[in-house]
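Working notes, structure below.
The values are calculated or read from the model by the stated rules, or taken from the named source; none is laboratory data. Just so you know, these numbers come straight off a predicted model, no measurement behind them. As a convention, Cβ positions derive from the backbone with ideal geometry for all residues, glycine included, and neighbour counts pool all protein chains shown. Heavy atoms of the whole protein, side chains included, go into the accessibility calculation; ligands, DNA and RNA do not. Shrake-Rupley method; radii C 1.70, N 1.55, O 1.52, S 1.80 Å.
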Amino acid sequence: MNLKVICLGTGSPEPTLLRASSGYLVEVEDKKILIDCGGGVFGRLIEYGLLPFEITHLVFSHLHTDHMIDYPRFIHAIWDANKPFPKIYGPKPLKKINERIFGKRGMLSFDLIARTQLPASQEVWVARGGDLPRPWPSIKINEIDEHWKFIDGELKIMSCLVPHAEPFLKCLGFRFEYKDKSFVYSGDAGLCPEIEILCKDADLLIHWCYRMSDETIYPKVTEKSPSAKDIAKMAKNCGVKKLLLTHMRKHMDKEINQIKIKKELTDNFSGISGIAEDLLKIDL
């Protein structure tokens, strides 16, 4: 069994048919691990051939909406199908966010009241194999930080803290290891020693790239958002074997800009490199 990575969403918050917002799937053994659940990822998952309740684990890098806005739809679909929820991991305040969505006074409480109390909805629930009274969604949330380590058989996941939206949001990068293969997902990360440690000799690095190299007019964005050239140099120094850039903004998908990005990659990185696309599958 190999480690498979499927890019479900490789875009930004900007609306485009070309790319969903952030979402990645890791398949290994009997585990199907969804990393982030941004806008459009729910649909991309179905396009790939999986239903929400087939996901065994859901892991959030951080809680910007373009990384988690499809979470309510994802959880609601599993609940409505009367299936068990996946194991869910993410930084604080994920528990509070979940409560504000699915709690008794949460965003979806009016919908949930109707679905649990309306006689017609109760009949639909029973027809699907459910028992009355219909239970409210009960979701267990595991809040994690930069010291998180996950071990299940030969699969290991570790996290690190990355600069992005502090102090308002804690943002994490992840390294997956399975047998002799490794995959690093940066999340939305500025370059830092912690991500370099995570990237050491990785077989695959998927790293966010939010700007072109010549877009430096905004100093805070420039500081937190490495260019293709910056990422390529870091990946080369860390011994990464394959590098894919993701989180493309709409203007970065113009042909002239794609050519520039790819040239910066090949000029500064000696391994295999490219730009991630929705539904791209990498078999490690």
Given a 10 angstrom Cα cut-off, can you work out which residue in Glu255, Glu29, Glu54 is the most mobile in a GNM of the chain? Glu255
Whenever you get a sec, compute what percent of the accessible area on the chain sits on carbon and sulfur atoms (1.4 Å probe). 55 percent
Cross-link partners among aspartates and glutamates for Lys31, C-alpha distance below 12 Å, same-chain residues fewer than 8 apart left out? Glu54, Asp152, Glu154
Cysteines, the chain, no other Cys beta-carbon under 4.7 Å: Cys7, Cys37, Cys160, Cys171, Cys192, Cys209
Positive-end residue of Ser21, Tyr89, Ile141, charge dipole of the chain with Cβ unit charges: Ile141
I want to verify a result. In a Gaussian network model of the chain, Cα cutoff 10 Å, which of these has the top mean-square fluctuation: Ser159, Ser227, Ser213? Ser213
Mind checking the per residue accessible area of the chain for me, 1.4 Å probe, whole number of Å²? 47 Å²
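Which of the trypsin sites (Lys or Arg not before Pro) found in segment 104-196 are loop residues per DSSP with 14 or fewer other Cβ atoms within 10 Å of their Cβ?
Qualifying residues, ordered by number: Lys104, Arg105, Arg128, Lys140, Lys179.
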Convert 37 °C to kelvin, take the viscosity as 0.692 mPa s, use the Kirkwood radius over C-alpha pairs of segment 1-105 as Rh, and evaluate the Stokes-Einstein diffusion coefficient in µm²/s, rounded to a whole number. 237 µm²/s
Which aspartates and glutamates does Lys200 reach when only Cα atoms under 13 Å apart count, and residues fewer than 8 places away in its own chain are ignored? Glu177
Would you please state the base-10 log of I(q)/I(0) at q = 0.20 1/Å for segment 91-214, with intensities from the Debye formula using one equal scatterer on every alpha carbon? -1.05
Would you grab the residues whose amide H sits under 5 Å from the one on Ile141? Only those 5+ places off in sequence or on another chain, please, with H modelled 1.01 Å from N. none
Can you tell me the FRET efficiency between Asp152 and Glu14 if r is taken as the Cβ-Cβ distance and R0 is 35 Å, rounded to the nearest 0.05? 0.45
For Ser182, the residues 5 or more places away or on another chain with a placed amide H closer than 5 Å to its own amide H are Asp203, Leu204
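Treat every Asp and Glu Cβ in segment 1-155 as -1 and every Lys and Arg Cβ as +1, leave all other atoms uncharged, and give the resulting dipole magnitude about the Cα centre to the nearest 20 debye. Show your work: numbers first, answer last.
Details: 19 positive and 19 negative charges, 99 e Å.
Here segment 1-155 has a charge dipole of around 480 debye.
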Please get the size of the charge dipole for the chain, origin at its Cα centre, with Cβ charges of +1 on Lys and Arg and -1 on Asp and Glu, quoted in debye to the nearest 20. 340 debye
So, taking all protein chains as they sit and a 1.4 Å probe, how much accessible area belongs to Ile69, in Å² rounded to tens? 90 Å²
Cα-Cα over 24 Å, subset of Lys224/Lys262; Lys32/Lys149; Lys4/Lys250; Lys224/Lys281; Lys140/Lys242: Lys4/Lys250; Lys224/Lys281; Lys140/Lys242
Output needed for segment 44-93: three equivalent-ellipsoid semi-axes, defined as square roots of 5 times the C-alpha gyration tensor eigenvalues, in descending order, whole Å. 19, 13, 10
Would you look at the GNM of the chain, springs on alpha carbons closer than 10 Å, and say which of Asp214, Asp66, Asp267 moves the most? Asp214
